[in-house]
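Scroll down for the structure; my scribbles are underneath it.
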Amino acid sequence: MSEDYKPVRVAVNVMRARLTAIGFNIAIVSFQINELTRVSGGLSVPGVDHSVHVGASMALFMALGLSMIALVLFIMSGSLDEVGYCTHWSLLAGDLFMYLALAYTITGFFQPLSGSIEDIASKLPGEAAGISVLHLTVLITGGLGWFLATYIGPTVSLLRSPFNNRINTTLGMVYVVVLLVLYWVNANSLQVETLGDEEGSRLMVAVLKEMVQPFRW
């Protein structure tokens, strides 16, 4: 992490590139939310004419919310002058929330897709070997993207941050706290989808498992 305490001035194009990525993410999430009702599996709810994917739906709406937070943070980071350099630590905070949004988008796509592939495999036992290869490929690809977005991307942003150590350390700690809270939310949404009633230690184990979420897809 940087020890340079000179005024931070990051080119506005750096922030604009991130806004573009968030814009694409919001568009993709909006599309997938609409399409999720057509995906097989999920929870059957009386009075609802389609299956409900509680975990995937929560992931997509969280991705949308996190994208909006990152959007606002990036906009806040720009100076209101004729140049518009990004000078505020909200630029780094926006980076962290952007990566979280991307991770949740990956979950919202790959988690229900994995379940659908398993359903297809159960209905086509003669093609089980080929389908298992497809399933493994999907899990590896989605899982790698999730780990990069959740852990590697934020770590790189914090290590390369032009802000001082106090800011970097504080934002890093906030990111860890936010991650733990979101893992708890994930565990509860999974509980609802599987109609589980685990409490106490079992719920804590479920929260810890969310740290390596792709392994349960």
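None of the figures in this text is laboratory data; all of them are computed from the coordinates on show. The model shown is predicted, which means the values in this text are computed figures rather than measured ones. Because the Cβ atoms are built from the backbone with ideal geometry, glycine has one as well, and the counts that use them run over all protein chains shown.
Rounded to whole numbers, the Karplus 3J(HN,Hα) couplings from phi for the stretch 79-95 are 6, 8, 9, 6, 9, x, 4, 8, 10, 9, 5, 4, 4, 5, 4, x, 4 Hz, using 6.51 cos²θ - 1.76 cosθ + 1.60 with θ = phi - 60°, and x at Gly and Pro. Electrostatic bookkeeping for W184 treats Lys and Arg as +1 and Asp and Glu as -1; over the other residues with beta carbon under 12 Å from its beta carbon, the sum is 0. Give the label of the value calculated from the structure for P(r) over Cα pairs in 10 Å bins from 0, in percent, choosing from (i) 7, 19, 16, 11, 7, 6, 5, 5, 5, 5, 4, 4, 3, 2, 1; (ii) 8, 32, 34, 18, 7, 1, 0; (iii) 8, 29, 32, 19, 9, 3, 0. Label (iii) holds the value from this structure. Rounded to the nearest 20 debye, the dipole size of the stretch 12-216 about its Cα centre is 480 debye, using +1 on the Cβ of Lys and Arg and -1 on the Cβ of Asp and Glu. The trypsin sites (Lys or Arg not before Pro) found in the stretch 110-213 that occupy coil by DSSP, while having at most 13 further C-beta atoms within 10 Å, are R160.
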